[in-house]
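J.: Mind having a look at this structure? Questions to follow.
Read the figures in this text as sums done on the coordinates, not as results from a lab. From a predicted model like this one, the values you see are computed outputs, not experimental measurements. For neighbour counting, all protein chains shown are included, and Cβ atoms are generated from backbone atoms with ideal geometry for every residue, glycine included.
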Amino acid sequence: MRANSRTSLERVGIHVSRYGLVITLLLIGVLKIYSRRGARQPLVAHSPLMFWLYRIFSLQGISNLIGMIEIVVALLMALRPLSAKLSLIGSTGAIITFVLTVSFLLSTPGAFEFSHGFPLLGDAGQFLIKDLVLLGASIWTAAEARGAV
């Protein structure tokens, strides 16, 4: 009985994780395309992995590109009932997305502030720290999809 309930909890957990990620990525992706604010500009500009995008695209062009990637990743993840392989590709895209955004914690000025010799999250860090949990959920959904391929 106990092993069966754990399986049920795991099943619920994986669905909530996967489709919570899908909804989150869809909403954020759409917002990046339709919002005309450049709130992400300092994050991307200070990133050693992404700063070069400003040499190719405008501020809104980068926002549109990132938004479209997030929407495609979300849609691929949502296809899990139809194709574990496509969902795995989507989850891998989410892992890459959240590794990049978590890296902003290390590259964005003000992500950490030191108070009494102890690092605390600054405004940017408070905004970004949730992506660590989203990264973990992405890894979990990728592992589940991979097991079904």
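J.: Based on the inverse mean of 1/r over its pairs of different Cα atoms, what is the Kirkwood hydrodynamic radius of segment 20-60, in Å? Each step should come with its number before you reach the end.
T.: Values: mean 1/r = 0.0880 Å⁻¹.
Radius from the Kirkwood sum: 11.4 Å.
J.: Round to the nearest 0.05 the FRET efficiency obtained for N64 and A143 when R0 = 30 Å and r is the Cβ-Cβ distance.
T.: Using R0 = 30 Å, I get an efficiency of 0.45.
J.: Using a Förster distance of 25 angstrom, determine the FRET efficiency expected from the C-beta separation of H116 and Q41, and round it to 0.05. Intermediate results must be reported in sequence, preceding the final value.
T.: Working: r = 31 Å, r/R0 = 1.25.
Once rounded, the FRET efficiency stands at 0.20.
J.: By how many nm would the segment from V16 to V99 grow when fully extended, if each residue of separation counts as 0.36 nm and the alpha-carbon distance is taken off?
T.: Gain on extension, V16 to V99, equals 27.8 nm.
J.: Name the long-range amide H neighbours of L121: under 5 Å, sequence gap of 5 or more, or other chain; modelled H, no Pro or chain starts.
T.: Residues meeting the criterion, in which the H sits 1.01 Å from N, are E113.
J.: Further question: Would you compute, for the Cα atoms of the chain, the largest minus smallest coordinate along each principal axis and list the three values in descending order, in whole Å?
T.: Result for the chain: principal-axis Cα extents of 51, 41, 23 Å.
J.: For a test of the definition: using alpha carbon positions, the gyration tensor, and the 1.5 limit on a/c, classify segment 58-119 as rounded, prolate or oblate.
T.: Values: a/c = 4.69, a/b = 1.93, b/c = 2.43.
Oblate, because a/c is 1.5 or more while a/b does not exceed b/c.
J.: Follow-up. Taking the simple approach of a point 7 Å from Cα along Cα-to-Cβ for both F57 and T7, what is their distance in nm?
T.: 4.4
J.: Are there any trypsin sites (Lys or Arg not before Pro) in segment 19-105 that are in a DSSP loop and have at most 13 other Cβ atoms within 10 Å? List them by number.
T.: R36, R37
J.: Any idea what the dipole of the chain comes to, in debye rounded to 20, about its Cα centre with Lys/Arg Cβ at +1 and Asp/Glu Cβ at -1?
T.: Charge dipole, the chain, about its Cα centre: 380 debye, nearest 20.
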